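Student: After the structure tokens below, expect a handful of questions from me.
Computed from the coordinates by the stated procedures, all read-outs in this text should not be read as laboratory data. On a predicted model such as this, the values are computed, not experimentally measured, just so you know. Please note: Cβ atoms are built from the backbone with ideal geometry, for glycine as well, and neighbour counts cover all protein chains shown.
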Amino acid sequence: MSTSRRQFLRRVSASVAAMPFVSGRGLEAGWGEPNRIRVADPASLISLDSNENPTGPSSRAMAAIRDAVAEGNRYPYELVAALREKAAAFHGVTTKEILLGCGSTEHLRMIVDAFATRGSGLVAATPTYEAPLSAARRRGIPVAAPPLTADLRLDLDAMLNAAAGAGLVYLCNPNNPTGTIRSKSDIEGFIRAVLAKSPKATIVVDEAYFEYVDDPAYDTVVPLALADPRVLVLRTMSKVYGMAGLRIGYAVGHADTIAALGAHSLNLNINTVGAAGAIASLGDQDHVRKERKRNGELRASTRAFFEKAGYQVAVSQTNFLLVDVRQPIADFRKACQDRGVLIGRRFAPLETHARITIGTKDEMKKAVKVFADVLGVSAQAG
Ligand code: PLP
């Protein structure tokens with residue numbers, strides 16, 4: 001963690017000093033498994049729990065963000081329009097094919113409201129990113145979520161079987177919490193089959209970790225989404241662009257689908273600072289390349305540590321790893337937290353798997369020592 005971030009967090013905690021600092025880290029807090037920790041000094045912990053990018057936003061985005069703060073007294077009409085134009089130009093589409101959201105979390109709620117009903121429910125996977133599942137459950141909408149394959153990838157055959165009569169099919173590719181991918185041809189085949197078999201279903205592909213993927217068999221399905229109103233793609237500025245706290249995501253799809261989704265959106269759901277940062281970030285693809293490289297190297301060395309120590313790691317294409325630590329995840333997580341490292345929560349039914357976000361080089365050096373200590377192995381394994 002940078003010194004300035006540490007100072008900032010200390011100032012914030014000091015300003016609420018009358019209360020013990022309660023941190024509900026992670027968007028998953030409050031959904032399903034609690035992801036709540038209680039610490040006196042949050043700045044003292046290494047946060048490898050929420051798949052954030054520890055280095056972003058880029059310096060160009062930071063400059064735009066600083067400038068934008070001074071505009072905080074104004075409503076962000078122009079900036080929001082400019083961001084929509086920027087995202088449209090980035091994908092080579094029209095602004096009618098882009099819908100901005102307060103993080104893609106807002107889209108993950110909107111898709112449930114727009115496309116799923118109590119009569120035609122949601123199909124997803126178990127485990128996957130929980131936001132749409134919990135939104136559906138809160139609305140009394142039925143959820144079918146078949147387990148992953150043995151190698152922890154989306155089981156597309158099982159999902160296709162479950163999709164008969166569904167209103168919404170959610171595919172997280174790469175999947176969270178596993179980091180695994182399905183190839184472009186697998187996803188395209190699945191989409192074609194669902195479109196044919198489930199006439200009511202809209203298929204949403206969440207590409208939150210798109211930029212981190214190295215596997216050449218993987219690609220976006222934006223072209224399918226533009227061509228077919230029943231397919232939609234979600235992207236976020238929270239991961240490779242390092243803007244999780246600024247809450248910007250967007251959907252790319254057919255103009256009719258974007259309009260249907262937009263009916264469930266908040267008015268002015270994007271703030272000035274986030275919009276300015278996102279415009280600059282999309283224009284700084286050099287930063288994305290550097291972040292991919294940085295993350296890829298640390299992902300490989302962290303993975304090598306676990307594998308040499310004899311632990312199985314899912315084939316992640318993201319900024320996190322899922323490791324089978326062969327002990328109850330709650331115990332492992334608590335032991336790491338007691339030693340100053342936060343990791344992801346339990347993702348049922350994977351009772352012994354730890355989801356570990358890739359932090360900075362310095363953080364991973366310290367974290368690997370902690371993991372080695374808790375597992376009783378040598379930190380030199382990697
Ligand atoms: N989709 C996936 C797959 C995620 O892992 C996350 C966050 O971790 C999100 C969406 C939510 O991201 P945002 O910050 O854009 O709301």
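Student: Answer yes or no as to whether Ala136 is of a type outside the set (D, E, K, R), closer than 20 Å to Cys102 by Cβ, within 16 Å of the ligand (Cβ to nearest atom) and under 17 Å from the mean Cα position of the chain (by Cα).
Tutor: no
Student: Can you pull out the residues in the range 304-336 that are without any contact (Cβ under 8 Å) to a residue 40 or more places away in the chain and under 21 Å from the mean Cα position of the chain (by Cα)?
Tutor: Within the range 304-336, Val313, Val323, Asp324, Ile329, Arg333 qualify.
Student: Within the range 326-338, identify whether any single residue is hydrophobic (A, V, I, L, M, F, W, C), touching a strand residue (DSSP E or B) at 6+ places or on another chain (Cβ under 8 Å) and not in a helix (DSSP H, G or I), and answer yes or no.
Tutor: Scanning the range 326-338, I find no residue that is hydrophobic (A, V, I, L, M, F, W, C), touching a strand residue (DSSP E or B) at 6+ places or on another chain (Cβ under 8 Å) and not in a helix (DSSP H, G or I), so the answer is no.
Student: Look at Thr105 and say whether it is among the polar types (S, T, N, Q) and in a helix (DSSP H, G or I).
Tutor: yes
Student: In this structure, is Asp284 closer than 21 Å to Ser47 by Cβ and surrounded by fewer than 21 Cβ atoms within 10 Å (Cβ to Cβ)?
Tutor: no
Student: Can you tell me which residue within the range 171-206, out of those that are in contact with an Asp or Glu (Cβ under 7 Å, 6 or more places away or on another chain) and not aliphatic (A, V, I, L, M), is farthest from Asn319 (Cα to Cα)?
Tutor: The qualifying residue farthest from Asn319 (Cα to Cα) is Lys184.
Student: Pull up the range 82-127, narrow it to residues that are among the hydrophobic types (A, V, I, L, M, F, W, C) and free of Cβ contacts under 8 Å to residues at least 12 places away in the same chain, then point me to the one that is farthest from the ligand (Cβ to nearest atom).
Tutor: Ranking the candidates gives Ala89 first.
Student: Let me confirm something: among Arg339, Arg247, Arg294, which residue is on the phi > 0 side of the Ramachandran plot and in contact (Cβ under 8 Å) with a residue 24 or more places away in the chain?
Tutor: Arg247
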